[in-house]
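This report concerns only the one structure given below.
The values are calculated or read from the model by the stated rules, or taken from the named source; none is laboratory data. Quick caveat: nothing in here was measured; it's all calculated off a predicted structure. Backbone-built Cβ (ideal geometry, glycine too); neighbour counts: all protein chains shown. SASA here: full protein model, heavy atoms, side chains in, ligands and nucleic acids out. Shrake-Rupley method; radii C 1.70, N 1.55, O 1.52, S 1.80 Å.
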Amino acid sequence: MNALWYYAIGFVVIWIVALVFKDKLVNYGVEVNFPTIMWKTKRLRGLIDKIANISPRFWKWFMNIGIAISFGAMIIMAYMLLSSLSTIVDAPSVSLIIPGVEIPGSPIFIPFAYGVIGLATVIIVHEFAHGILSRREKVSINSIGLLLFAILPGAFVEPDEDEIKNVKKISRMRIYAAGSIANMSFALVAVLITLLISSFAIPATFEENGIEISRVMDEAPAKNILKPGMIITSINNHNVSDANSYSEAVLTLKPGEMINVTTNQGTYNFTTGSNPYNKSLGYMGVIAVKNFEVKSDVSNVFGNQLPWIWFTLLEMFNWIFFLNLAVGLFNLLPMKPLDGGHLLEDLLSYAFPKNIVKPVITVLSWFFIFVIAISLIAGLGSGLF
């Protein structure tokens, strides 16, 4: 059964339970107001206060730098999104991310477990950062909690809206910038951990031996022909011994070409498809990784199973890095309701009156929403048809 059905069934069950027991759930801090379910608590406010008070000066100057970084990232993200308009049909720049689900037209597939863990870090880091800077700027936090907007899960730190409106603009900008800067900072920590694992732990534990198929995409040309676990040794008589030789062989493939792939389990022939993100390239629809074997001296001490935990940790932190960076940058696009829209609104209000700033932000927001929607539709359409 397609993974989307599990999500659909899960959300239907959640909403049925929420609506049936709506009155009783209030006693547990759960508010059900379709299309939103919110669970609120005040228990973590003390923890946020403690973190905010560790070094108030650090948070202030860290986020002053963060504001500058945020506007730099905003310019880059807006430029990249606008630049993608010319290739939006052949190479959409925005795609949906649902752990465990293959999204038509998207080159990204996030394994369920890694995706859930990665998105959990995104939400927790992002919202706690908003909370910490809110307290640093003397803005009260009314509640902290989890929410479900229709089928979109999330978390929130709820600062006092009246107090936010009354603080200085620079203070408000620090609060708005905090979430994305925290995500990008956490992404940096994650990438440093992956570098340590890949540069030291894995070379000390494993030796490389070929290229292994880790996954065959649904509806791919190689589906039901190549299988996970096979070791690829050649493609169209191009020898494949490592990642570089595999990439070189794949780049020679053309759409609609009959190819032969030699593996440790035999030679297989099939016709390539067209790469969804580059129509001129051939497409097998396999995800391949380096094939490793545990070094004999390591296996003598730890066995052949335990050392593989390094790859589990490596992939987990890779997804934590990717999701925190992607969501952090996306959130800085100059559009409301994203933090980038609020940041730009406060910046423009230094030079222009509200009756000019508000319409400008509204137009920008709807424009970028339109571009993102077109990109999503183009990506889904190319993947489906």
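Once segment 159-181 is narrowed to residues that are farther than 15 Å from Ala52 by Cβ and among the polar types (S, T, N, Q), the residue that is modelled with the lowest pLDDT is Asn166.
Looking at the structure I just gave you, is Gly29 at pLDDT below 90, on the phi > 0 side of the Ramachandran plot and surrounded by fewer than 17 Cβ atoms within 10 Å (Cβ to Cβ)? Against the criterion (at pLDDT below 90, on the phi > 0 side of the Ramachandran plot and surrounded by fewer than 17 Cβ atoms within 10 Å (Cβ to Cβ)), Gly29 qualifies.
Considering (1) exposed (fewer than 15 other Cβ atoms within 10 Å of the Cβ); (2) farther than 30 Å from Glu102 by Cβ; (3) modelled with pLDDT of 85 or more, say which one Val17 fails and leave the rest. Condition not satisfied by Val17: (2). Filtering Tyr283, Tyr268, Tyr277, Tyr246 for residues that are aromatic (Phe, Trp, Tyr), surrounded by 15 or more Cβ atoms within 10 Å (Cβ to Cβ) and more than 19 Å from Ser214 (Cβ to Cβ) leaves a single hit, Tyr277.
Residues in segment 116-136 that are surrounded by fewer than 20 Cβ atoms within 10 Å (Cβ to Cβ) and more than 17 Å from Leu44 (Cα to Cα): Val116, Ile117.
Restricting attention to segment 329-375, the residues being touching a residue at least 40 places away in the same chain (Cβ under 8 Å), open to solvent by 70 Å² or more (accessible area, probe 1.4 Å) and outside any helix (DSSP H, G or I) number 1. Within this structure, Val139 fails the test of being touching a residue at least 24 places away in the same chain (Cβ under 8 Å), open to solvent by less than 50 Å² (accessible area, probe 1.4 Å) and closer than 21 Å to Phe330 by Cα. Taking Ile202, is it modelled with pLDDT of 90 or more and open to solvent by 50 Å² or more (accessible area, probe 1.4 Å)? No.
Here Lys42, Lys24, Lys60 are screened, and the one residue that is open to solvent by less than 100 Å² (accessible area, probe 1.4 Å), out of contact with any Phe, Trp or Tyr (no Cβ under 9 Å at 6 or more places or on another chain), more than 12 Å from Leu147 (Cα to Cα) and not aromatic (Phe, Trp, Tyr) is Lys60. Residue check: is Ile197 touching a residue at least 24 places away in the same chain (Cβ under 8 Å), over 23 Å from Ala288 (Cβ atoms), surrounded by 14 or more Cβ atoms within 10 Å (Cβ to Cβ) and of a type in the set (Val, Ile, Thr)? In short, no.
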